[in-house]
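Down below is the structure, laid out as structure tokens.
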Amino acid sequence: MEEQKEKISKMIGKQSILFLNPPYILAGSSIAGKKEGEGPLGSFFDQIEEDPMFGGTSWEDAESRLMKRAAEFVIKKAGLKSEDIRYLIGGDLLGQLIATSFGIADLNIPVFGIFGACSTMGESMALGAIIVDGGYADRVISLTSSHFAGTEKQFRFPLAYGNQRPLSASWTVTGSGAVIIGKDKPASKAEKNDGDNYGDNYDNNGSIRIKGITVGKIVDYGLKDSLNMGACMAPAAYNTISRNLKDLNVLPNYYDKIITGDLGYVGKDILIDLLKQDGFDISGNHMDCGIEIFDKESQDTHSGGSGCACSAITLTGYIFKKLLRHEWTRVLFVPTGALLSQVSYNEGNSVPGIAHAVILEIC
């Protein structure tokens, strides 16, 4: 009976979970491409790679190397070895998750390969937190990646084609972000004596934990324009954010920031309008990773950034630092994904969206 009551107490509302023993973020890594490094958040990333091939022989090989580097670096930053990690949960945008499967094979860690399109970082962190809080693992890596050239080649046109991009289009971020989720609070810098857990150049004043999650639904408003993914994904972001606020019975100002993944300028406006219909005004504390990662005027990225790495490296490079500096104390991280494929698009199907929310707070 006691065990049953404990399980029930974790479920909040219709789609949310509040963890009884909130897992901690032990470390985070952010590896970015050259264009991303030239953007407004460039100084926050752990590594910026000038070579778009990352030493590889193809765009797909480049992304695999990118993901492997992020995984190895986050393990190093946590002061661990690959054998200290119970499970790895990861995915990417390429067919059959080839960036993940070829990238992390040598780490020899048991793996769950997942696909949530650009929401993959949220999905992998949600699943990792559930596993750790449930006592099924002590440490889990959640990670994802994307590469501009590989994504363009698969979903749109090869780069050599030189096609025109509408103003509603976004620019796929080249990068990889990884986090280690653990059941115990990370060691302080004094205890570790190696700099710090998160890669910052300031004193570690607290730890980040995952307080809860809201799992998203597939939402399809019938939109078919794959070059306007912000509009396709905004309804899913609206659904998940509204559900989180209702499940927890809180107002938007409960969070210092409500952070979507890659809605861009078009999707941001749609999201704010949709939430106002439910009586929620997030215009004062909403942030979108796709808007923050590039400079609209100087970098020619139109509606902003997109791709799995857009939210992942903004999280591990920028958001974590804002939390550790106590500039923010609680954020709702909501990566967004467009669930299309080459097959679905060519057959004339619409572009469904999904968004998963992760509650992060400093403690």
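Within the stretch 322-363, can you find the residues that are assigned to a strand (DSSP E or B) and more than 23 Å from residue 307 (Cβ to Cβ)?
Scanning the stretch 322-363 gives 330, 359, 361, 362.
Would you mention how many residues in the stretch 192-246 are of a type outside the set (S, T, N, Q) and modelled with pLDDT under 65? Quick ask: steps written out before the conclusion?
Residues of the stretch 192-246 that are of a type outside the set (S, T, N, Q), as a first pass: 192, 194-196, 198-200, 202-203, 206, 208-213, 215-225, 227, 229-238, 241, 243, 245-246.
After this cut, where a residue has to be modelled with pLDDT under 65 as well, the list is 192, 194-196, 198-200, 202-203.
Of the residues in the stretch 192-246, 9 are of a type outside the set (S, T, N, Q) and modelled with pLDDT under 65.
Filter the stretch 209-229 down to residues that are part of a loop (DSSP other than H, G, I, E, B) and hydroxyl-bearing (Ser, Thr, Tyr), then give me how many there are.
Number of matching residues: 2.
Against the condition more than 24 Å from residue 169 (Cα to Cα) and either in the same structural domain as residue 46 (by TED's automatic domain parsing) or surrounded by fewer than 18 Cβ atoms within 10 Å (Cβ to Cβ) (or both), how does residue 67 come out, does it pass?
Yes, satisfied.
Checking the condition surrounded by fewer than 24 Cβ atoms within 10 Å (Cβ to Cβ), under 18 Å from residue 308 (Cα atoms) and at pLDDT 95 or above, which residue from 268, 276, 257 passes?
On the way: 276 fails: under 18 Å from residue 308 (Cα atoms); 257 fails: under 18 Å from residue 308 (Cα atoms).
Among 268, 276, 257, only 268 is surrounded by fewer than 24 Cβ atoms within 10 Å (Cβ to Cβ), under 18 Å from residue 308 (Cα atoms) and at pLDDT 95 or above.
Between 85, 109, 75, 25, which is within 29 Å of residue 187 (Cβ to Cβ) and free of Cβ contacts under 8 Å to residues at least 60 places away in the same chain? Working first, answer last.
Numbers: 85 fails: free of Cβ contacts under 8 Å to residues at least 60 places away in the same chain; 75 fails: free of Cβ contacts under 8 Å to residues at least 60 places away in the same chain; 25 fails: free of Cβ contacts under 8 Å to residues at least 60 places away in the same chain.
After applying the criteria, what remains is 109.
Within the stretch 70-112, count every residue that is surrounded by fewer than 17 Cβ atoms within 10 Å (Cβ to Cβ), among the charged types (D, E, K, R) and within 22 Å of residue 339 (Cα to Cα).
Total meeting the criteria: 0.
Of everything in the stretch 279-308, what is crowded, with 18+ Cβ neighbours inside 10 Å, touching a residue at least 60 places away in the same chain (Cβ under 8 Å) and in a helix (DSSP H, G or I)? Give them in sequence order.
290, 292, 308
Search the stretch 110-150 for residues being among the charged types (D, E, K, R) and more than 10 Å from the chain's Cα centre (by Cα), and hand back the single one that is nearest to residue 174 (Cα to Cα).
The extreme case among them is 139.
Which condition breaks for residue 312 when tested against (1) more than 26 Å from residue 149 (Cα to Cα); (2) of a type in the set (A, V, I, L, M); (3) buried (at least 24 other Cβ atoms within 10 Å of the Cβ)?
So residue 312 meets the others, but not (1).
The values are calculated or read from the model by the stated rules, or taken from the named source; none is laboratory data. Not measured: the values here are computed from a predicted model. Heads up, the Cβs are rebuilt from the backbone with ideal geometry, glycines too, and the neighbour counts pull from every protein chain shown.
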